[in-house]
Amino acid sequence: MEKKRVRRLYIADYLITPDRLIPHGAVLCENERIIGVGGVSGFTVEREIEVCRFNRAYIAPGFLDTHIHGAGGCDCSRCMTSPCDLAAMSRILGERGVTGFFPTVVADSKELMLENIRQLVRAMRQPLPGADALAINIEGPFLNPKRAGSQPHEVLCSIDPVFAKELIDAGEGMVKIMTFAPELRDAEKLIQLLKENNVIASMGHSLANESQTRRAIDAGATHCTHLFNGMEPLHQRQVGLAGIALTDDRVTVELIIDGRHVHSRMVDLACRCKPGHRLIGISDCTMASGMPDGDYRIGPSEIRVIGGFSQNAEGKLAGTTTMLDSGWHSLMSCGHLSETRAAEAVTITPARHFGFDDRGILLPGKRADLAVFELGSNRPLFTVRRGEQIYRAENI
């Protein structure tokens, strides 16, 4: 049976495509695809077109969060021992203008990690009410214990290509990125395995020096997990992972943009060093995102959130509660990026870097994933995923 054709025209004060700003802009969608983008004067409103007009608002592509551990009470690292309410996570992300995300898991015992990923795959294959769960991000267990952050030392291990392949296989093609410490023995074997399985090799939680980092990049590592966090600080004579990631254009870097994990001057430094197509903004959110203060967890680690500030029992930062709809503005206020360049970091750059070329940009032929925000307050007003409304704020 032929699918009914549904056309909707979304109009706002301006569009962030994000290649450019279009004042008095409009996006015309037909079912799941965008078929027209431009100034509103260029569109003829026919009878069959449903018009959605937003005053004092702007439209951007739906955001992509490629490093997020949970939200709305869902912990992506504990699907095997507690209810994995991925639907709640999907819903709350959709309410924040996010249309796609990577459930991110941390290190745990071998058996629990494998079972968790299997359960996560099952949850991801169910229909979700908000943002799409696009792929799995594995952060560990091949990390340096001296830069483990909030991850318990006892669940970290040396690189084991056999275990790594088991993790990838458990993901049934959904594992898209894995973080490892490049100074660990057999790092190059792991990178080769990841490349063979179309998984991005990401360097992080590491004490790697210059030569160890360069060897990993030469072998095929193309990503740096949350730049500056979980690695040695910059030093004038001893260049390590952070310094190489900043200056090697083969490497795409993540920045946690919650205003706490990275000082505003370091955000500025990263934005000055990295070209737009090599900078990705991430939330690093935990299950506490969108929830009241209290006690939560990231996999095997217990955390406490007070005033929106998340830390473990040792007082170490443990994820965030700041989602992308709030965080991306720090790329403008701290990194001094233009609105279009800041938007790139949460839309087209992650989309292209991870091979989701059908989204992340307002362009004819692309997926009808878009987010509407209020001018001034930047409050999310309306979110569209695959041409369908998944969120509408009250009183609009």
With the structure loaded, tell me whether Val199 is among the aliphatic types (A, V, I, L, M), surrounded by 16 or more Cβ atoms within 10 Å (Cβ to Cβ), closer than 19 Å to Phe354 by Cα and free of Cβ contacts under 8 Å to residues at least 60 places away in the same chain or whether it fails that test.
yes
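Pick from Val155, Val106, Val162: which is more than 17 Å from Ile298 (Cβ to Cβ) and of a type in the set (Val, Ile, Thr)?
Answer to the selection: Val162.
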State all residues of the stretch 306-332 that are surrounded by fewer than 24 Cβ atoms within 10 Å (Cβ to Cβ) and modelled with pLDDT under 90; if no residue qualifies, say none.
Ile306, Gly307, Gly308, Phe309, Gln311, Asn312, Ala313, Glu314, Gly315, Lys316, Leu317
For the stretch 335-353, check the following and say yes or no: at least one residue is in a helix (DSSP H, G or I), surrounded by fewer than 24 Cβ atoms within 10 Å (Cβ to Cβ) and of a type in the set (S, T, N, Q).
yes
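Residue-wise test of (1) modelled with pLDDT under 95; (2) touching a helix residue (DSSP H, G or I) at 6+ places or on another chain (Cβ under 8 Å); (3) charged (D, E, K, R); (4) loosely packed, with under 13 Cβ neighbours inside 10 Å.
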{"residue": "Tyr14", "(1), (2), (3), (4)": "no, no, no, no"}
{"residue": "Thr17", "(1), (2), (3), (4)": "no, yes, no, no"}
{"residue": "Ala26", "(1), (2), (3), (4)": "no, yes, no, no"}
{"residue": "Cys29", "(1), (2), (3), (4)": "no, no, no, no"}
{"residue": "Ile35", "(1), (2), (3), (4)": "no, no, no, no"}
{"residue": "Glu46", "(1), (2), (3), (4)": "yes, no, yes, yes"}
{"residue": "Arg56", "(1), (2), (3), (4)": "no, no, yes, yes"}
{"residue": "Phe63", "(1), (2), (3), (4)": "no, yes, no, no"}
Pick from the stretch 305-322 the residues that are among the β-branched types (Val, Ile, Thr) and assigned to a loop (DSSP other than H, G, I, E, B): which of them is farthest from Ile257 (Cα to Cα)?
Thr321
In this structure, does Ala148 turn out to be small (Gly, Ala, Ser) and either crowded, with 23+ Cβ neighbours inside 10 Å or within 26 Å of Phe356 (Cβ to Cβ) (or both)?
no
Determine which single condition Val262 fails, assuming it passes every other condition in (1) surrounded by 24 or more Cβ atoms within 10 Å (Cβ to Cβ); (2) hydrophobic (A, V, I, L, M, F, W, C); (3) closer than 27 Å to Thr322 by Cβ.
(1)
Scanning the stretch 92-108 residue by residue, those buried (at least 22 other Cβ atoms within 10 Å of the Cβ), of a type in the set (D, E, K, R) and touching a strand residue (DSSP E or B) at 6+ places or on another chain (Cβ under 7 Å) turn out to be Arg96
For Glu111: the one exception among (1) outside any helix (DSSP H, G or I); (2) surrounded by fewer than 22 Cβ atoms within 10 Å (Cβ to Cβ):
(1)
Would you check if there is a residue in the stretch 258-268 being aliphatic (A, V, I, L, M) and modelled with pLDDT under 90?
no
Within the stretch 375-396, how many residues turn out to be open to solvent by 20 Å² or more (accessible area, probe 1.4 Å) and touching a Leu at 6+ places or on another chain (Cβ under 8 Å)?
2
Would you mind telling me which numbered condition in (1) open to solvent by 20 Å² or more (accessible area, probe 1.4 Å); (2) touching an Asp or Glu at 6+ places or on another chain (Cβ under 7 Å) Leu227 fails?
(1)
All-but-one check, Arg96 against (1) in contact with a Phe, Trp or Tyr (Cβ under 6 Å, 6 or more places away or on another chain); (2) among the basic types (Lys, Arg); (3) under 27 Å from Asn378 (Cβ atoms), failing number (1)
Take Met89 and decide whether it is open to solvent by less than 20 Å² (accessible area, probe 1.4 Å) and either at pLDDT below 95 or out of contact with any Asp or Glu (no Cβ under 7 Å at 6 or more places or on another chain) (or both).
yes
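Taking the condition in contact (Cβ under 8 Å) with a residue 40 or more places away in the chain, farther than 20 Å from Val346 by Cα, surrounded by 23 or more Cβ atoms within 10 Å (Cβ to Cβ) and of a type outside the set (Gly, Ala, Ser), does Cys52 pass?
In short, no.
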Exception for His277 within (1) surrounded by fewer than 17 Cβ atoms within 10 Å (Cβ to Cβ); (2) over 16 Å from the mean Cα position of the chain (by Cα) falls at (2)
Is at least one residue of the stretch 121-134 open to solvent by 40 Å² or more (accessible area, probe 1.4 Å) and touching a helix residue (DSSP H, G or I) at 6+ places or on another chain (Cβ under 8 Å)?
yes
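The values are calculated or read from the model by the stated rules, or taken from the named source; none is laboratory data. None of the values given here were measured: they were computed from a predicted structure. Every residue, glycine among them, receives a Cβ derived from its backbone with ideal geometry; neighbour counts consider all protein chains shown. Only protein heavy atoms, including side chains, enter the accessible area calculation; ligands, DNA and RNA are left aside. Shrake-Rupley method; radii C 1.70, N 1.55, O 1.52, S 1.80 Å.
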